[in-house]
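What follows is a set of notes on a single structure, which appears directly below.
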Amino acid sequence: MLTEAGEEYIEHIYKMSLEGGPVIAARLAERMKVSPPTVADMLKRLSENGYVQSSRREGVRLTKKGTDSAETLVRRHRLWERFLTDVLGLNWDEVHEEACKLEHAMSPQVEEKLAEILGHPETCPHGYPIPGTRGAKKRVKEAKPLSSLSVGDKAVIERVAEEDSQLLQYLASLGLLPEAEISVKEIAPFKGPMLVKVCGAQYALGQEVASKIMVKGK
């Protein structure tokens, strides 16, 4: 059985692998805000139990066993986020931390019933696809950061980073929500702010914020 800490590791490895490029232990330590030796120790245990494989060339990779476990966790997390927003009425900036607690204590029967009650949603409130739904992995790979667009480009917001509650509050106040149409009007030189138009209004976004908004072409 995976410990709750082990589940957090494979969940992060899963998400990072979908972002593209190898998952490096140092990046994993940075993402999880723990020390490199702590990561090394956990990866050793996960490897011994058949959840991950690692090499200098390919980095850290989930095995099929690890992938199946990670997808179950991510699916449960995102179903809980939908329940907390759609049924309990919490704001989208409040649900990530709550879902992190709930995802670890959920049976397959409750998972299925929750999905049924919610009408089998395809995404969480932040726009991330729910594993097990049609085209989930394809949607992740097709999206690209808003910061990669050029002047004149138009797109639709696919999803936004879910971990930073203050960022979510800020984006919601500007109407930068999943499925909103957005266009790039100007980009300041030397990786300066982007001037974007959404919901009939124009806003300047820093490159760091823009990199956390994933879009797809219109």
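Tabulated data
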quantity: With Cα atoms, 0 to 90° folded angle of helix 4-18 axis to the chain main axis; calculated: 50
quantity: Dipole-positive endmost among GLY175, SER148, THR72 within the chain (Cβ charges, Cα centre); calculated: SER148
quantity: Mean ellipticity per residue at 222 nm, deg cm²/dmol - from DSSP H runs of n ≥ 4 across the chain, formula -39500 (n - 2.57); calculated: -13500 deg cm²/dmol
quantity: Average accessible surface area per residue within segment 42-87, 1.4 Å rolling probe, Å²; calculated: 54
quantity: Folded to 0 to 90 degrees: helix 36-48 orientation relative to the chain principal axis, Cα; calculated: 60
quantity: Within straight-line cross-link reach of LYS64, lysines at Cα separation under 24 Å, skipping those fewer than 8 residues along the same chain; calculated: LYS15, LYS44, LYS137, LYS138, LYS141
quantity: Whole-percent pair-distance distribution, where bins are 5 Å wide, for the alpha carbons of segment 129-218; calculated: 3, 14, 26, 26, 17, 9, 4, 1, 0
quantity: Rounded if a/c under 1.5, otherwise prolate or oblate - segment 1-59, Cα gyration tensor axes; calculated: rounded
quantity: Between segment 75-143 and segment 154-205, the Cα center-to-center distance that results, in Å; calculated: 23
quantity: Surface share of carbon and sulfur [accessible, 1.4 angstrom probe, percent] for segment 9-64; calculated: 52
quantity: Partners for LYS197 among aspartates and glutamates (Cα-Cα distance below 19 Å; same-chain residues under 8 apart left out); calculated: ASP153, GLU158, GLU179, GLU181, GLU186, GLU208
quantity: Anisotropy class of segment 58-154 from Cα gyration tensor, a/c 1.5 cut; calculated: oblate
quantity: Accessible area of segment 121-218 divided out per residue, in Å², using a probe of 1.4 angstrom; calculated: 53
quantity: Sulfur and carbon atoms: percent of accessible area, segment 98-218 [1.4 Å]; calculated: 52
quantity: Cβ charges +1 (Lys, Arg) and -1 (Asp, Glu), total dipole of the chain, debye; calculated: 960
quantity: Isotropically averaged projected area of the chain, using the convex hull of Cα atoms (one quarter of hull area), nm²; calculated: 13.0
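The values are calculated or read from the model by the stated rules, or taken from the named source; none is laboratory data. Because the structure is a prediction, the values reported are computed rather than measured. We place every Cβ from the backbone using ideal geometry, glycine too, and count neighbours over all the protein chains shown. These accessible areas exclude ligands, DNA and RNA; they are computed on the full protein's heavy atoms, side chains included. Shrake-Rupley method; radii C 1.70, N 1.55, O 1.52, S 1.80 Å.
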